[in-house]
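Worksheet for the structure shown next.
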Amino acid sequence: MMRIEIIGRDTFWRDAVITEWEHQHPARKLIKEASGSFLIENDWLDDLDRIAGDCFSTITVAPVDPSRRSWFRQFFGQRDQA
(Lines give C-alpha, C1' and ligand atoms only; values in the text may rest on other atoms or scores of the structure.)
Protein backbone atom coordinates (compact mmCIF):
# COMPACT_ATOMS: atom_id res chain seq x y z
CA MET A 1 0.00 0.00 0.00
CA MET A 2 1.09 3.58 -0.59
CA ARG A 3 -0.23 6.94 0.55
CA ILE A 4 -1.07 9.44 -2.20
CA GLU A 5 -2.54 12.91 -2.50
CA ILE A 6 -4.75 14.15 -5.30
CA ILE A 7 -3.72 17.65 -6.36
CA GLY A 8 -6.31 19.36 -8.57
CA ARG A 9 -7.08 22.83 -9.84
CA ASP A 10 -9.78 23.01 -7.15
CA THR A 11 -12.06 20.76 -5.12
CA PHE A 12 -14.32 20.14 -8.13
CA TRP A 13 -11.50 18.51 -10.09
CA ARG A 14 -10.16 16.59 -7.07
CA ASP A 15 -13.65 15.19 -6.51
CA ALA A 16 -13.91 14.41 -10.25
CA VAL A 17 -10.84 12.17 -9.97
CA ILE A 18 -12.48 10.17 -7.19
CA THR A 19 -15.80 9.94 -9.03
CA GLU A 20 -14.14 8.81 -12.25
CA TRP A 21 -12.00 6.29 -10.37
CA GLU A 22 -15.08 4.79 -8.71
CA HIS A 23 -16.81 4.62 -12.10
CA GLN A 24 -13.93 2.95 -13.95
CA HIS A 25 -12.71 0.72 -11.11
CA PRO A 26 -15.63 -0.04 -8.75
CA ALA A 27 -13.80 -2.96 -7.13
CA ARG A 28 -10.76 -0.81 -6.24
CA LYS A 29 -11.64 1.20 -3.15
CA LEU A 30 -9.59 4.26 -2.24
CA ILE A 31 -9.09 4.47 1.52
CA LYS A 32 -9.40 8.09 2.64
CA GLU A 33 -7.39 9.14 5.68
CA ALA A 34 -8.15 11.95 8.10
CA SER A 35 -5.24 13.93 6.63
CA GLY A 36 -6.98 14.00 3.23
CA SER A 37 -4.55 11.50 1.74
CA PHE A 38 -5.59 8.16 0.31
CA LEU A 39 -4.17 4.67 0.66
CA ILE A 40 -4.00 2.69 -2.58
CA GLU A 41 -2.47 -0.53 -3.81
CA ASN A 42 0.92 0.16 -5.43
CA ASP A 43 -0.12 -1.29 -8.78
CA TRP A 44 -3.06 1.16 -9.07
CA LEU A 45 -0.79 4.20 -9.38
CA ASP A 46 -0.52 4.25 -13.19
CA ASP A 47 -4.30 3.92 -13.66
CA LEU A 48 -5.01 6.57 -11.05
CA ASP A 49 -2.42 8.89 -12.55
CA ARG A 50 -4.05 8.55 -15.99
CA ILE A 51 -7.50 9.35 -14.60
CA ALA A 52 -6.11 12.32 -12.67
CA GLY A 53 -4.56 13.70 -15.85
CA ASP A 54 -7.94 13.51 -17.58
CA CYS A 55 -9.38 15.54 -14.69
CA PHE A 56 -6.74 18.30 -14.73
CA SER A 57 -5.15 16.87 -11.58
CA THR A 58 -2.00 15.09 -10.51
CA ILE A 59 -1.19 12.33 -8.07
CA THR A 60 1.71 12.73 -5.68
CA VAL A 61 3.10 10.24 -3.23
CA ALA A 62 2.27 11.59 0.21
CA PRO A 63 4.82 11.70 3.00
CA VAL A 64 5.01 8.74 5.35
CA ASP A 65 4.58 11.15 8.27
CA PRO A 66 1.84 13.66 7.30
CA SER A 67 2.26 15.56 10.58
CA ARG A 68 5.59 16.86 9.27
CA ARG A 69 3.87 18.57 6.32
CA SER A 70 1.30 20.03 8.70
CA TRP A 71 4.13 21.42 10.83
CA PHE A 72 5.71 23.13 7.78
CA ARG A 73 2.36 24.68 6.81
CA GLN A 74 2.31 26.50 10.15
CA PHE A 75 5.35 28.46 8.99
CA PHE A 76 4.88 28.71 5.23
CA GLY A 77 1.11 28.53 4.84
CA GLN A 78 -0.84 26.33 2.49
CA ARG A 79 -0.57 26.97 -1.20
CA ASP A 80 -3.93 27.82 -2.78
CA GLN A 81 -4.85 25.06 -5.24
CA ALA A 82 -7.55 27.08 -7.07
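Here are some notes:
- Subset of the stretch 1-28 [under 25 Å from VAL64 (Cα atoms) and either of a type in the set (Val, Ile, Thr) or in a strand (DSSP E or B) (or both)]: MET2, ARG3, ILE4, GLU5, ILE6, ILE7, GLY8, THR11, VAL17, ILE18
- Here GLY77 clears all of (1) on the phi < 0 side of the Ramachandran plot; (2) over 10 Å from the mean Cα position of the chain (by Cα); (3) modelled with pLDDT under 95 except the condition numbered (1).
- Boolean, ARG9 is touching a strand residue (DSSP E or B) at 6+ places or on another chain (Cβ under 9 Å) and either at pLDDT below 95 or of a type in the set (Phe, Trp, Tyr) (or both): yes
- Any hit, the stretch 30-37, residues being in contact (Cβ under 8 Å) with a residue 40 or more places away in the chain and part of a strand (DSSP E or B): no
- Residue match in the stretch 45-56 (condition: exposed (fewer than 13 other Cβ atoms within 10 Å of the Cβ) and at pLDDT below 95): no
- Filter result (polar (S, T, N, Q) and either more than 13 Å from ILE6 (Cβ to Cβ) or without any contact (Cβ under 8 Å) to a residue 24 or more places away in the chain (or both)) within the stretch 38-66: ASN42
The values are calculated or read from the model by the stated rules, or taken from the named source; none is laboratory data. As the structure is a computational prediction, the values presented were derived from the model and not from experiment. We place every Cβ from the backbone using ideal geometry, glycine too, and count neighbours over all the protein chains shown.
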